[in-house]
1. If Glu91 passes every condition in (1) at pLDDT 80 or above; (2) assigned to a helix (DSSP H, G or I); (3) under 20 Å from Ser245 (Cα atoms) but one, which one does it miss?
2. List the helices (runs of 4 or more DSSP H) inside region 19-86, counting only whole elements, that have at least 3 residues being modelled with pLDDT under 80 and not assigned by TED's automatic domain parsing to the domain that holds Arg213.
3. State whether the residues of region 185-200 include one that is farther than 30 Å from Thr65 by Cα, among the basic types (Lys, Arg), in contact (Cβ under 8 Å) with a residue 12 or more places away in the chain and out of contact with any Lys or Arg (no Cβ under 7 Å at 6 or more places or on another chain).
4. Evaluate the following for Val143: is it touching a Ser or Thr at 6+ places or on another chain (Cβ under 9 Å), outside any loop (DSSP other than H, G, I, E, B), modelled with pLDDT of 90 or more and of a type in the set (A, V, I, L, M)?
5. Condition check: under 19 Å from Leu114 (Cβ atoms), in a loop (DSSP other than H, G, I, E, B), modelled with pLDDT of 90 or more and not aliphatic (A, V, I, L, M). Does Ser239 satisfy that?
6. Give region 235-253 a look and list any residue that's within 29 Å of Arg214 (Cβ to Cβ), loosely packed, with under 10 Cβ neighbours inside 10 Å and small (Gly, Ala, Ser), or say none.
7. Considering every residue within region 168-190, establish whether at least one is at pLDDT 80 or above, assigned by TED's automatic domain parsing to the domain that holds Gln247 and assigned to a loop (DSSP other than H, G, I, E, B).
8. Count, please, the residues in region 204-234 that happen to be more than 30 Å from Glu120 (Cβ to Cβ) and exposed (fewer than 14 other Cβ atoms within 10 Å of the Cβ).
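The values are calculated or read from the model by the stated rules, or taken from the named source; none is laboratory data. Quick caveat, the model's predicted, so the values are computed rather than measured. Neighbour counts are summed over all protein chains in view; Cβ atoms, including those assigned to glycine, are modelled from backbone coordinates with ideal geometry.
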Amino acid sequence: MIIKGEYKSNYHAWLAEELRKRKAKNPKYSLRAFANHLGLSPSILSEVLSARRNLSFRSADKVATQLSLTAGEREQLFRDIRLPLNPQREEATLEILEPLHFGKISKWYHSAILSLLKFEESADLSSIVRRLSVSTEEAGAAVWQLSQMGYLTAQDGFFRRTSKAAPMPPLQLLPGDIEKYHRDYLRLASISLGSQLPRLQCFQSITVAADPRRLSGAQQMIMDFQVRLRTFLEGGKPSRVYALSTQLFPMGD
């Protein structure tokens, strides 16, 4: 059994080392036995150990449970499985920020400006105000903060994105930021629902019978889905900034 506090990074090598330790204690212990313990198929585990395959969020949840990871270790594991095997893939250009840092750029228009400048080579303040329907004061404060944090450069009144990885919200926001951040997006969604053409938007809602103990894994799966959908949408010829917002919450008691 892995001692809590041991996992830090590189889960491929970490799992391989855990298998080695078990074999050292019991020479008859096999990869198949380890896979059964983790709830994975031997073929999938073999590919994971040799870094030919990443764990899925569901598999990572099983591994975290079976190997008794702490909450912090579990979060680190879920962050690590989002790293691509090929570092040139788009997902490598995303960075999950720490809550204190994200609080500085937690308004919706901070990320919207970065998205806008992904398909516009550069933009001045008036263009940002017009394209995103924000005030001059909001846009000015936002580009200043983004520049301070290294996401933008300015020249002759025009702003460009730097090569710094795009920020992603942390798994847990600070209490004061959670409500402000999500209320912003809910407000924008409500406005869009009543004013935009149906063909320009997509609203889908369902109810589900859920096991609350699986919410941590579900949260990671949602984040993975958001990254994949983001990559898909940006793979064409972007010309407009969209918001992708996901809610999962209990209904009643």
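1. Glu91 satisfies every listed condition except (1).
2. Counting at least 3 such residues, we get 71-80.
3. Start the filter on region 185-200 by keeping residues that are farther than 30 Å from Thr65 by Cα, which leaves 185-200.
Among the residues that remain, those that are also among the basic types (Lys, Arg) are: 187, 199.
Of the ones still in play, those that are also in contact (Cβ under 8 Å) with a residue 12 or more places away in the chain are none.
Looking through region 185-200, none of the residues is farther than 30 Å from Thr65 by Cα, among the basic types (Lys, Arg), in contact (Cβ under 8 Å) with a residue 12 or more places away in the chain and out of contact with any Lys or Arg (no Cβ under 7 Å at 6 or more places or on another chain).
4. On the way: touching a Ser or Thr at 6+ places or on another chain (Cβ under 9 Å): no; outside any loop (DSSP other than H, G, I, E, B): yes; modelled with pLDDT of 90 or more: yes; of a type in the set (A, V, I, L, M): yes.
Taking the combined requirement at face value, the residue does not satisfy it.
5. Values: under 19 Å from Leu114 (Cβ atoms): yes; in a loop (DSSP other than H, G, I, E, B): yes; modelled with pLDDT of 90 or more: yes; not aliphatic (A, V, I, L, M): yes.
It is true that Ser239 is under 19 Å from Leu114 (Cβ atoms), in a loop (DSSP other than H, G, I, E, B), modelled with pLDDT of 90 or more and not aliphatic (A, V, I, L, M).
6. Gly252
7. no
8. Residues of region 204-234 that are more than 30 Å from Glu120 (Cβ to Cβ), as a first pass: 205-221.
Cutting the leftovers down to exposed (fewer than 14 other Cβ atoms within 10 Å of the Cβ) gives us 205-215.
Result for region 204-234: 11.
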